[in-house]
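Here's the structure we're looking at; comments come further down.
The values are calculated or read from the model by the stated rules, or taken from the named source; none is laboratory data. Just so it is clear, the model here is predicted, and its values are computed rather than measured. All Cβ positions, even for glycine, are placed from backbone atoms using ideal geometry, and neighbour counts span all protein chains on display.
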Amino acid sequence: MKRTVALVHGAWHGAWCWEWVVPLLAARGIEAVAIDLPGHGRDPGVLGDLNQDAARVHEMLDRLGGGVVLVGHSYGGAVITQAGNHGAVAHLVYLAAFPLQMDESCASTAAHEPEARHITYEGRPNVGSGFVVGPNGTITLDPVVAAECLYNRCDPDLVRWAVAQLGPQPLITFQQSPTTEAWRSKASTYAVCADDMVVHPDLQRILARRCGSVVEWPTDHSPFLSRPELVADLLTALATDPG
């Protein structure tokens, strides 16, 4: 029996970012569900913090039943770390994401890891330079920086489409720590994106050690757009794995 794939987007995104992956999975007979976190994408509600985002994923898992492959992209990794202990989850997938410990946040990831202190960001685009602080502690991304950092391996037309979809992200979500560490008890896979201009690939490789298996792709931060077939291949393998 094939497992259901549940897709959790990262900061500034919505369920729309999986639009190229879901049809590829459907063509292989795999059910995939992409969720909008509170206030993102087509969700009409207010933006939530990490706890509220994880609660939204819990609600989705309640509906899906068992055997779910739960995927988190970027900040979505923090969300599935908190929500992933749900009994319906069979496997966690971290896509250039944050399998946080309970003493970490996205902003302070792996700060206690000696190797992380030697990672250099010189000569790389700085996504933080594109932060635009808005009302109520939200952050939006400058479109030029977003294109350069999020989608540096995507087709230009696709970049324009994606940048137009981006919305605000609460600053607090980068500062909160999860209350559980689902990757400690659940099977997990980390996908390192080697040309990522948001989460440094060397940091990803350090975080990937927390997961049970690791793959590495020559992609940007958004392989669901630049190389959706790679994402679909990985998820197909996990959704059809009887183990």
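Of the residues L225, L230, which is under 25 Å from E31 (Cα atoms) and touching a strand residue (DSSP E or B) at 6+ places or on another chain (Cβ under 9 Å)?
Only one candidate qualifies: L230.
G76 fails exactly one of the following numbered conditions: (1) closer than 27 Å to A107 by Cα; (2) free of Cβ contacts under 8 Å to residues at least 12 places away in the same chain; (3) not β-branched (V, I, T). What is the number of that condition?
(2)
Within the group G84, G67, G77, which residue is surrounded by fewer than 17 Cβ atoms within 10 Å (Cβ to Cβ), among the small types (G, A, S) and closer than 17 Å to L235 by Cβ?
The unique qualifying residue is G67.
Would you check which residues across the range 166-225 are of a type in the set (G, A, S) and surrounded by 19 or more Cβ atoms within 10 Å (Cβ to Cβ) and list them?
Scanning the range 166-225 gives A182, S188, A191, A208, S222.
Output the number of residues of the range 124-147 satisfying the condition of being within 20 Å of L47 (Cα to Cα), surrounded by fewer than 15 Cβ atoms within 10 Å (Cβ to Cβ) and not small (G, A, S).
4
Quickly run through the range 1-48 and pick out the residues that are among the charged types (D, E, K, R) and under 15 Å from S74 (Cα atoms).
Within the range 1-48, D36 is the sole residue that qualifies.
Do we have R227 as closer than 21 Å to A116 by Cβ and out of contact with any Gly (no Cβ under 8 Å at 6 or more places or on another chain) here?
So R227 does not fit the description; no.
Output the residues belonging to the range 135-160 that are of a type in the set (D, E, K, R) and in contact with a strand residue (DSSP E or B) (Cβ under 7 Å, 6 or more places away or on another chain).
D142
Quick check on the range 1-19: of everything there that is part of a loop (DSSP other than H, G, I, E, B) and in contact with an Asp or Glu (Cβ under 9 Å, 6 or more places away or on another chain), which residue is surrounded by the most Cβ atoms within 10 Å (Cβ to Cβ)?
H9
Among the listed residues R205, R210, which satisfies the condition of being within 27 Å of A54 (Cβ to Cβ), touching a residue at least 24 places away in the same chain (Cβ under 8 Å), touching an Asp or Glu at 6+ places or on another chain (Cβ under 9 Å) and of a type in the set (K, R)?
Going through R205, R210 in turn, just one is within 27 Å of A54 (Cβ to Cβ), touching a residue at least 24 places away in the same chain (Cβ under 8 Å), touching an Asp or Glu at 6+ places or on another chain (Cβ under 9 Å) and of a type in the set (K, R): R210.
When you go through L25, L50 one by one, which is the residue that is buried (at least 20 other Cβ atoms within 10 Å of the Cβ), among the hydrophobic types (A, V, I, L, M, F, W, C) and within 24 Å of T109 (Cα to Cα)?
Only one candidate passes the filter, namely L50.
Can you find even one residue in the range 136-144 that is at pLDDT 95 or above, polar (S, T, N, Q) and either at negative phi or over 20 Å from the mean Cα position of the chain (by Cα) (or both)?
Scanning the range 136-144 turns up at least one residue that is at pLDDT 95 or above, polar (S, T, N, Q) and either at negative phi or over 20 Å from the mean Cα position of the chain (by Cα) (or both).
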